[in-house]
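Laboratory data are not the source of any read-out in this text; all were calculated from the coordinates shown. It should be emphasised that the depicted structure is a prediction, and the values quoted were computed from it without experimental measurement. A quick note on method: Cβ atoms are made from the backbone with ideal geometry, for glycine too, and the neighbour counts reach across all protein chains shown.
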Amino acid sequence: MTNNIKCHKCNREIPENETFISRGNTLCEDCYIDATHKIRVCNPMGERAKTAFRKSHGLGGTDGLTDLQREIYHYTQSKGKVTRPELLKQFKLSENELENNFAFLRQSKLLKGKKEDDIVYITLWSNQDQ
Ligand SMILES: [Zn+2]
């Protein structure tokens, strides 16, 4: 039995047990992170909290991602490595949206940033397939 609730900020439908409350508004995880800035990219505490959260909810791999996050992941997977401008163009995102989604994917240990010759690429967290 799942009651889907709409995120106050991005209007995405989210299962009731994945909602967060911030200042009286019901938010999805991404918007909650965005709103509170409690979990940041490169914050090991946040990463642990996220891993524990996902474990406690039985999430793993790309389960529990939004369609967009899954598409970004698969797009990155098919390309091997991508740049932010490439993703912005491909998925018609604002930089803020991209950062939110990338932060989530990074904390889920799916994607990571990688610097090569002064260009920061986004690649798979574990680049050992193929
Ligand atoms: Zn939202």
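Could you check the simple spin-label distance between residue 116 and residue 25, using points 7 Å along Cα→Cβ, in nm with one decimal?
Placing both labels 7 Å along Cα→Cβ, they lie 3.8 nm apart.
At q = 0.27 Å⁻¹, what log₁₀ I(q)/I(0) does segment 66-130 have when each alpha carbon counts as one equal point scatterer in the Debye sum?
For segment 66-130 at q = 0.27 Å⁻¹, log10 I(q)/I(0) is -1.35.
Quick one: which residues, 5 or more positions from residue 26 or on another chain, have an amide H under 5 Å from its amide H? H modelled 1.01 Å from N in the peptide plane, none for Pro or chain starts.
8
Percent relative contact order of segment 66-130, based on C-alpha pairs within less than 8 angstrom and at least six residues apart?
36
Given H placed 1.01 Å from N in the peptide plane, which residues other than close sequence neighbours of residue 14 have an amide H under 5 Å from its amide H?
5, 6, 7
Of 89/115; 9/81; 9/109; 92/112, which sit over 22 Å apart, Cα to Cα?
Flagged as over cut-off: 9/81; 9/109.
Of all trypsin sites (Lys or Arg not before Pro) in segment 90-120, which ones are in loop regions per DSSP and have a Cβ with at most 10 other Cβ atoms within 10 Å?
Details: sites: 92, 106, 109, 112, 114, 115; in loops: 92, 109.
When the trypsin sites (Lys or Arg not before Pro) of segment 90-120 are filtered for loop state and at most 10 Cβ neighbours within 10 Å, 92 remain.
Please list the non-local residues whose amide H lies under 5 Å from the amide H of residue 111, H modeled 1.01 Å from N, same-chain partners needing a gap of 5 or more.
106, 125
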